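Colleague: Can you keep this structure in mind? I'll have questions shortly.
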Amino acid sequence: MGAQSLAVACGALALCLALAGATNPGFVVRITQAGLDYAHQQGIAILEKELAQLKLPDISGDFRIRHVGKVHYEISRLDLRSFHLPYSRISLVPSVGLQVSISNAFAEVDGNWRVKIHFIRDHGSFDLKVENIYIKISLKLGSDTSGKPTIDTSDCSTRISKVRVHFSGRFGWLYNLFYSVIESRFRKALESKVCENVVDSVRTELQPYVQTLPVTARIDAMAGIDYSLVAPPAATAQSLDVDLKGEFFSLAHRSTVPFPPPALAFPLDHDRMVYFGASSYFFNTAGFAYHAAGALVFEITDSMIPKGVDFHLNTSTFSAFVPQLEKMYPDMLMKLRLSAASAPFLNIGPGGLALKPVVDIQAYAILPNSSLAPLFLLSLTCPWTGSSPAAFWLVGAVPLGVWFGVRWDEHCQSSALSPQTGNVSAVIDIKSSHIVGSLKVGRMKLSLKHSDVGAFQVRTLQSIMNIFASSILLPRLNARLDQGFPLPLPDRIQLSNILVRFHQNLLLLGADVRYQPRARR
């Protein structure tokens, strides 16, 4: 192989390795400038309180004055009465992080002073006003080995342009002798203390808080969601994007998902403070995890039929639809077993949603010795298209939801949807930072896949199957839907003003946020 061919081969190998190492997110969180402004507002209020509690060191020293001699001074018991940050803003620095700029801040300080020149001594108190304080803070964003976000101060600078002091004492002429020295030393001490406090506040307050973002969320006894970061948060000119793995997994045995996450084109929406983008990969891993855990199986027995329903799940009832049952299995209880042969696969596109799940319904007769005799196997095929992506939240929250097609109003809101013609109508809402919902079932379409009791008209079973779905299966689905699943949010964040949109391979959820501080004890 020639040198040129070798170089081409090495380049191709490097490209393949780079592509193999690239990880597309399954879930994206975008914080807009409006969201950053709100977070900045909360943070500045905390920083202002922190700065007002600064402990300033005593200042003392000596200096010589020509024709006067050595002057010894002491400044003690410095008390920072207030520290105000009236003007500040937070800015996105693309490819770097965030920058907080504070201008025209001011503070007030009380203290005692003492001076000695030869045999002359004097002491008193003073009031000091620090004006036109400028603070610039650069924040670096990253992620740790566990996939949690990190934040640290990469740079901090403070500049004070004006200090005014009012001294009390007997000898006014003494004050001017050491004022400039005191002012200079005090200015440097305060500038240093401000940045020390900022760095400490970021490490002890902000960093622990951002790490409350959950990297795993338990959904139920079978599955959880992996919300770990696949890359450090990325700042652009308009938003801060956080790419998460966004993958459901089985709690019993986590296996590799057999399909990769698609590349996402996040839409340029900035009306809300925060956006959550859930890709088709996110929901398809839910189907994969629940199917692998054996959760896409549901059994219906006679004991599950609600009181007030005037029929039973037995061969006597079903013989009206399948006459052979009365002769072959007279007066025996039955069991229906619903199962998905494979994990359902969903597609999200600009035109809507697409899902074609195939569910098998196996009917059994329960023999006197408690063994099961197979009767017939029905196939439930639901071609599903939807005009809104909100249905996917329901599928993610409840794996059994894939058994039914859903159609939604395109202009869905946070708490209600207008049902359209289709197999299932639904309502979606946000409750305690969880996506929740409820379903109403319409008619289903059945076909006979196999019969152990001879041929019969499947369409005659349609009405009774609808009753089973609405009175038994649906209440269990809605109970699970009401639990929902958690969004990746740090502590004490509440969502409001919800919107839902859909794009290629992406369900988009937008919201405004509100931070709920801890109650003081």
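The values are calculated or read from the model by the stated rules, or taken from the named source; none is laboratory data. Not measured: the values here are computed from a predicted model. Positions of Cβ are backbone-derived with ideal geometry, glycine not excepted, and every protein chain shown enters the neighbour counts. Surface accessibility is based on the protein's heavy atoms, side chains included, excluding ligands, DNA and RNA. Shrake-Rupley method; radii C 1.70, N 1.55, O 1.52, S 1.80 Å.
Colleague: Among the residues of the range 266-276, is any without any contact (Cβ under 8 Å) to a residue 60 or more places away in the chain and under 23 Å from THR32 (Cβ atoms)?
Modeller: Taking every residue of the range 266-276 in turn, at least one turns out to be without any contact (Cβ under 8 Å) to a residue 60 or more places away in the chain and under 23 Å from THR32 (Cβ atoms).
Colleague: Could you figure out which of (1) open to solvent by 40 Å² or more (accessible area, probe 1.4 Å); (2) out of contact with any Lys or Arg (no Cβ under 8 Å at 6 or more places or on another chain); (3) within 30 Å of TYR227 (Cα to Cα) isn't true of ASP155?
Modeller: Only one criterion in (1) open to solvent by 40 Å² or more (accessible area, probe 1.4 Å); (2) out of contact with any Lys or Arg (no Cβ under 8 Å at 6 or more places or on another chain); (3) within 30 Å of TYR227 (Cα to Cα) is unmet by ASP155, namely (2).
Colleague: Same structure again: Just to be sure before I move on: is ASP243 of a type outside the set (Lys, Arg), at pLDDT 95 or above and surrounded by 16 or more Cβ atoms within 10 Å (Cβ to Cβ) in the structure I sent? Lay out the reasoning, then the answer.
Modeller: Working: of a type outside the set (Lys, Arg): yes; at pLDDT 95 or above: yes; surrounded by 16 or more Cβ atoms within 10 Å (Cβ to Cβ): yes.
Yes, satisfied.
Let's see how each residue does on (1) among the aromatic types (Phe, Trp, Tyr); (2) crowded, with 16+ Cβ neighbours inside 10 Å; (3) modelled with pLDDT under 90:
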| site | (1), (2), (3) |
| --- | --- |
| ALA45 | no, no, no |
| LYS55 | no, no, yes |
| VAL68 | no, no, yes |
| SER91 | no, no, no |
| ILE102 | no, yes, no |
| HIS118 | no, no, yes |
| PHE126 | yes, yes, yes |
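Colleague: Shifting gears a bit: Given the structure, is PRO517 surrounded by fewer than 19 Cβ atoms within 10 Å (Cβ to Cβ), modelled with pLDDT of 85 or more and not in a strand (DSSP E or B)? Lay out the reasoning, then the answer.
Modeller: Numbers: surrounded by fewer than 19 Cβ atoms within 10 Å (Cβ to Cβ): yes; modelled with pLDDT of 85 or more: no; not in a strand (DSSP E or B): yes.
No.
Colleague: Right, next: Any residue at all in the range 196-216 that is under 30 Å from GLY246 (Cα atoms), assigned to a strand (DSSP E or B) and modelled with pLDDT of 85 or more?
Modeller: Yes.
Colleague: Ok, one more. Considering only residues that are closer than 18 Å to GLY484 by Cβ and open to solvent by 10 Å² or more (accessible area, probe 1.4 Å), which ones fall in the range 221-240?
Modeller: Of all residues in the range 221-240, those closer than 18 Å to GLY484 by Cβ come to 221-227.
Within the range 221-240, ALA221, MET222, ASP226 qualify.
Colleague: For the condition touching a Pro at 6+ places or on another chain (Cβ under 6 Å), assigned to a strand (DSSP E or B), at pLDDT below 80 and closer than 23 Å to PHE298 by Cα, what is the one hit in SER425, SER438?
Modeller: Just a single option satisfies the conditions, and that option is SER425.
Colleague: Out of all the residues in the range 145-165, is one or more under 30 Å from HIS270 (Cα atoms) and assigned to a helix (DSSP H, G or I)?
Modeller: Checked the range 145-165: no residue is under 30 Å from HIS270 (Cα atoms) and assigned to a helix (DSSP H, G or I).
Colleague: Show the residue pairs that are 6+ apart or on different chains and have beta-carbon atoms under 7 Å apart, the first residue being within the range 79-106 and touching a residue at least 40 places away in the same chain (Cβ under 8 Å) and under 22 Å from ALA189 (Cα atoms), the second being open to solvent by less than 60 Å² (accessible area, probe 1.4 Å) and of a type in the set (Gly, Ala, Ser).
Modeller: Correct list of pairs: LEU85/ALA105; VAL100/SER88; ILE102/SER88.
Colleague: Identify all residues within the range 449-477 that are surrounded by 15 or more Cβ atoms within 10 Å (Cβ to Cβ) and at pLDDT 85 or above; write none if there are none.
Modeller: Within the range 449-477, LYS449, SER451, VAL453, PHE456, VAL458, LEU461 meet the criteria.
Colleague: Are any of the residues in the range 331-353 over 23 Å from HIS434 (Cβ atoms), touching a residue at least 60 places away in the same chain (Cβ under 8 Å) and assigned to a helix (DSSP H, G or I)? Reasoning before the result, please.
Modeller: Of the range 331-353, the ones over 23 Å from HIS434 (Cβ atoms) are 331-343, 345, 347, 349-352.
Next cut, touching a residue at least 60 places away in the same chain (Cβ under 8 Å) only: 336, 338, 340, 345, 347, 349-350, 352.
Remaining after also requiring assigned to a helix (DSSP H, G or I): none.
No: the range 331-353 contains no residue that is over 23 Å from HIS434 (Cβ atoms), touching a residue at least 60 places away in the same chain (Cβ under 8 Å) and assigned to a helix (DSSP H, G or I).
Colleague: Please work out which residue is surrounded by the most Cβ atoms within 10 Å (Cβ to Cβ), limiting yourself to the range 283-301 and to residues that are farther than 30 Å from ILE366 by Cβ and in contact with a Leu (Cβ under 8 Å, 6 or more places away or on another chain).
Modeller: By that ranking, first place goes to PHE283.
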